[in-house]
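The values are calculated or read from the model by the stated rules, or taken from the named source; none is laboratory data. Only a predicted model underlies this, so the values are computations on that prediction, with no experimental measurement involved. Glycine also receives a Cβ, built like all others from the backbone with ideal geometry; neighbour counts cover every protein chain displayed. The protein model used for the area step is the full one, side chains on, heavy atoms only, and it has no ligands, DNA or RNA in it. Shrake-Rupley method; radii C 1.70, N 1.55, O 1.52, S 1.80 Å.
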Amino acid sequence: MDHKFTIGQMSKLHDIPVKTLRYYDEIGLFKPFEVDDQTGYRYYCLEQFKKLDMIWYLKKMGIPLKEIKKKVEHSTVEEFIEILSEYERINDEKINELVKMQKHLKTKILDLKQSRDILFIGEPQIRTLPHRYLLAIQGQFHTLDDIESVLRGLKKEIDHVTPIMVGKVGFILSVEHMKTRETMEYDGLFILIEDDSEIDHQKIMTLEEGEYASVYMREGREKDNAYYQTLLSFVSEQGYEPDGPFFIRQIVDSFISHKEDERLREIQIKVKAVGEKKSFPK
């Protein structure tokens, strides 16, 4: 052959590390056409370029080297179509997961930007909010260990690809319990789900579209009770009454910001005009 290429030249021409080419030789996937008996130098030829391109392409597609070796040694058109189709399906699944992750990231970035720019801290307000989905777990929760244990178990149970992020997890507290409780104990916890189609689970709960009273605060949980009372008084003054439990969400905590004045917590409750028929989350 007129044109011979050293392993170093092949590495530069194909942008593949020398170490990788040596490994391909060791496992019999891509061997040089000639090896100098005295020096041990490996030499490759032009006719091998197409094979190396195909190996690198299949590897980029996520196909294991063992499978690639089988296909480059012996395959038919049908076999090649079959393996490419299988990895097309796998890649489609990966793309769908990345699209979901990208959606979650955009939502979180927007959430944090809005938390940074909130001006009416401590001032109750009533807003009309769209329907939302929660993964709700009933039970008595008051310690971090209780919460984390349930969340880790739930994450395995639903096999959810997106990590449970700060700002998506919160507590549920009934108005009646709030008025009588003596410790920081809640009636349940929830995970805010951006799209109910992404999880098929019996614990999915819908927060109906409607009017919600809410208040943002920078203080920690020990200040919650005063805000609950403030929020209930505001609701009554506006001619409304509670239409469900409180939902308490830590939007920014110490993990996201070490600055105490950046930490943000929200208490929210669905309301209805006095005398209006009471509704419940589905």
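Would you please report the Å³ per residue occupied by the convex hull of the alpha carbon atoms in segment 214-273?
Numbers: hull volume 4.2 nm³, N = 60.
Hull volume over Cα atoms, normalised by residue count, gives 71 Å³.
For the pair HIS131/PHE49, report the inter-label distance in nm, with labels modelled 7 Å from Cα in the Cβ direction.
6.0
Work out how much length GLU241 to GLU86 would gain on full extension: take 0.36 nm times their residue separation and subtract the Cα-Cα distance, in nm to one decimal.
Numbers: separation 155, 0.36 × 155 = 55.80 nm, distance 5.65 nm.
Contour length minus Cα-Cα distance gives 50.2 nm.
Give me the percent of accessible area attributable to carbon and sulfur for segment 1-93, probe 1.4 angstrom. Intermediate values should be presented prior to the final figure.
On the way: 3300 of 6450 Å².
Roughly 51 percent of what the probe reaches on segment 1-93 is carbon or sulfur.
Given a 1.4 Å probe, how much area per residue of segment 1-65 is accessible, in Å²?
On the way: 4360 Å² over 65 residues.
Result: 67 Å² of accessible area for each residue.
Across the Cα atoms of segment 15-69, what radius of gyration and what greatest pairwise Cα-Cα distance (Dmax) are found, in Å?
Expressed in Å, the Cα Rg and Dmax of segment 15-69 come to 11.7, 38.
Compare the Cα positions of GLN9, HIS74, ILE121 along the charge dipole of segment 1-138 (+1 at Cβ of Lys, Arg; -1 at Cβ of Asp, Glu; about the Cα centre) and return the one farthest towards the positive end.
In segment 1-138, that residue is ILE121.
From the alpha carbon gyration tensor of segment 73-132, can you work out the equivalent ellipsoid semi-axes (sqrt of 5 times each eigenvalue) and give them in Å, largest to smallest? Kindly include the intermediate steps, with their values, before the conclusion.
Working: eigenvalues 501, 29, 4 Å².
Each semi-axis is √(5λ); the values are 50, 12, 5 Å.
Which translational diffusion coefficient, to the nearest whole µm²/s, is obtained for segment 1-114 from the Stokes-Einstein equation, given a Kirkwood hydrodynamic radius over C-alpha pairs, 10 °C and 1.306 mPa s?
94
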